[in-house]
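Trainee: Dropping a structure here in structure tokens format, bear with me for questions.
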Amino acid sequence: MDQFEIQGGRPLKGRVTISGSKNAALPCLFATLLTDQVCTLDQVPALADIETALKLLVTLGKKVDRVGSKVVISKGRPLTGKAPYELVRRMRASVLVMGPLLARRKRAQVSMPGGCAIGARPVNYHIDGFHRMGVETTIHEGYVDARTKGLKGGLIPLPYPSVGASENLLMGAVLAKGTTIIQNAAREPEVVDLGRMLQKMGASIRGLETSEITIEGVKSLSGTSHTVIPDRIEAGTFMIAAGVTKGDILIENVNMAHLGNVVHSLKQAGLSVEPEGRSVRVTYVKKLKPVNIETDVYPAFPTDMQAQWITMMALTGGRSRVRETVFENRYLHVQELLRFGADISLAGRDAEVKGVAALSGCDCMVSDLRAGAALVLAGLAAKGKTTVLRVYHLDRGYERMEKKLQALGARIKRVSA
Ligand code: EPU
């Protein structure tokens with residue numbers, strides 16, 4: 001298992017280029033199951049989760065060719081319908097093959113995703129939605145066995161605007177018979193990106209970016225070329241890196257429209273945030289101010305930035321409150337941040353962060369992807385040496401993280417333990 005060794009306390013300066021979005025690339029990759037024609041995806045980040053997705057596509061019958069950030073997916077063998085435990089347990093988003101497989105094969109056997117560090121994360125909204133489209137499911141030997149005589153359009157009111165459920169149902173509905181209306185749908189940019197790719201493949205979809213998506217099923221879809229949107233969470237993480245290290249970073253390949261709430265909060269905290277075309281320059285100018293945030297579905301403050309925000313709030317001149325409303329257990333970074341000398345107390349979904357003058361480096365352990373980002377940020381800001389264990393979590397979602405940080409002047413190295 002690799003670890004990061006960081007000598008903190010250096011302001012990060014220079015430019016960094018943001019990779020394609022992991023959470024947009026994953027459903028876009030699975031959408032290629034909806035056609036036998038060739039699909040080309042560009043700006044696909046090199047990440048462990050993407051590797052898992054490509055393996056799953058190959059397992060299901062696709063041929064995958066990758067050159068740099070471009071992935072070409074074509075027909076290999078006839079599609080098969082089983083997403084094995086071996087891959088789903090590595091990445092829960094594998095459950096998103098259910099929609100495409102039901103649409104193409106009328107049957108999907110998908111391993112039930114197990115527990116997750118950040119919360120229970122059940123898939124009941126996905127399954128209930130498919131029931132409304134004429135699917136029957138049983139659980140057998142740890143697998144959801146989903147069968148249909150043919151997907152039918154229907155009215156699907158989601159109890160919560162789940163990103164994954166919206167994507168899964170959207171991918172089923174594009175080839176279903178008749179009209180599907182997903183009410184209370186997720187509006188995250190990653191859902192919209194998937195919708196745009198499906199439209200290019202010939203799907204009839206209205207209402208993307210709104211909470212009611214209407215899909216008229218079509219008979220078949222064609223291949224397409226699609227460039228995945230930039231990763232808003234990676235961009236936000238580098239913005240905070242500028243803040244916590246008193247740095248000055250030009251972040252390239254950013255869609256600022258996707259970062260409204262984060263940028264607003266960063267400015268309130270006292271950072272200078274200056275967009276320059278597809279780039280943004282984030283500069284530390286004065287002592288950081290405490291800013292309260294509450295995570296929620298898009299366009300509110302993203303839960304995937306909450307951990308990193310807490311690291312920054314640990315270095316302000318006052319007291320701030322954070323409320324996590326999306327996941328019930330997403331504070332595993334807090335116990336580790338205390339080891340850096342942060343002053344944070346937790347009560348249910350709320351965290352209270354009292355700023356301290358400085359953090360001091362320590363050994364710490366990553367529990368999940370964004371918690372890991374928070375610890376790396378703490379290590380970069382802290383005085384002295386930090387060792388971050390279990391960086392494989394970071395390799396799931398940050399492309400070449402230590403290389404990008406090194407180019408900004410960070411003293412960080414990967415060590416094989
Ligand atoms: N939920 C249910 N039942 C369901 C589906 C969701 O109860 O059937 C609950 C979840 O337990 C959670 C909430 O609804 O409490 C939100 O879950 P959602 O389905 O929206 O999340 P997801 O699709 O599983 C994606 C991202 C996450 C991100 C969330 C929220 C991908 C691959 N993952 O997860 O990303 O935090 O949306 O924005 O797109 C990450 O990148 O670190 C990450 C965890």
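The values are calculated or read from the model by the stated rules, or taken from the named source; none is laboratory data. Predicted model only: the values in this text are computed from it and were never measured. Reconstructed Cβ throughout: ideal geometry from the backbone, glycine too, with neighbour counts over all protein chains shown. What goes into the accessible areas is simple: the full protein's heavy atoms, side chains included, and nothing from ligands, DNA or RNA. Shrake-Rupley method; radii C 1.70, N 1.55, O 1.52, S 1.80 Å.
Trainee: For the stretch 95-111, does any single residue satisfy the condition of being within 15 Å of the ligand (Cβ to nearest atom) and open to solvent by 30 Å² or more (accessible area, probe 1.4 Å)?
Mentor: No, the stretch 95-111 has no match at all.
Trainee: Any residue that is buried (at least 17 other Cβ atoms within 10 Å of the Cβ), within 25 Å of Glu234 (Cβ to Cβ) and at pLDDT 95 or above - is there at least one of those in the stretch 112-127?
Mentor: No, the stretch 112-127 contains no residue that is buried (at least 17 other Cβ atoms within 10 Å of the Cβ), within 25 Å of Glu234 (Cβ to Cβ) and at pLDDT 95 or above.
Trainee: Additional query: Just checking, does the stretch 266-285 include any residue being within 30 Å of Gln37 (Cβ to Cβ) and assigned to a strand (DSSP E or B)?
Mentor: No: the stretch 266-285 contains no residue that is within 30 Å of Gln37 (Cβ to Cβ) and assigned to a strand (DSSP E or B).
The rows are residues; the columns are (1) assigned to a loop (DSSP other than H, G, I, E, B); (2) more than 22 Å from Gly195 (Cβ to Cβ); (3) not assigned by TED's automatic domain parsing to the domain that holds Pro157.
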residue	(1), (2), (3)
Leu96	no, no, no
Arg104	no, no, no
Ala108	no, no, no
Pro122	yes, yes, no
Ile127	no, no, no
Phe130	no, no, no
Met133	yes, no, no
Glu136	no, yes, no
Ile139	no, yes, no
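Trainee: Taking only pairs six or more apart or across chains, which ones have beta-carbon atoms under 7 Å, a first residue in the stretch 222-233 that is within 16 Å of the ligand (Cβ to nearest atom), and a second residue that is among the acidic types (Asp, Glu) and not in a strand (DSSP E or B)?
Mentor: From the stretch 222-233, the pairs are Val228/Asp193; Ile229/Asp193; Ile233/Asp304.
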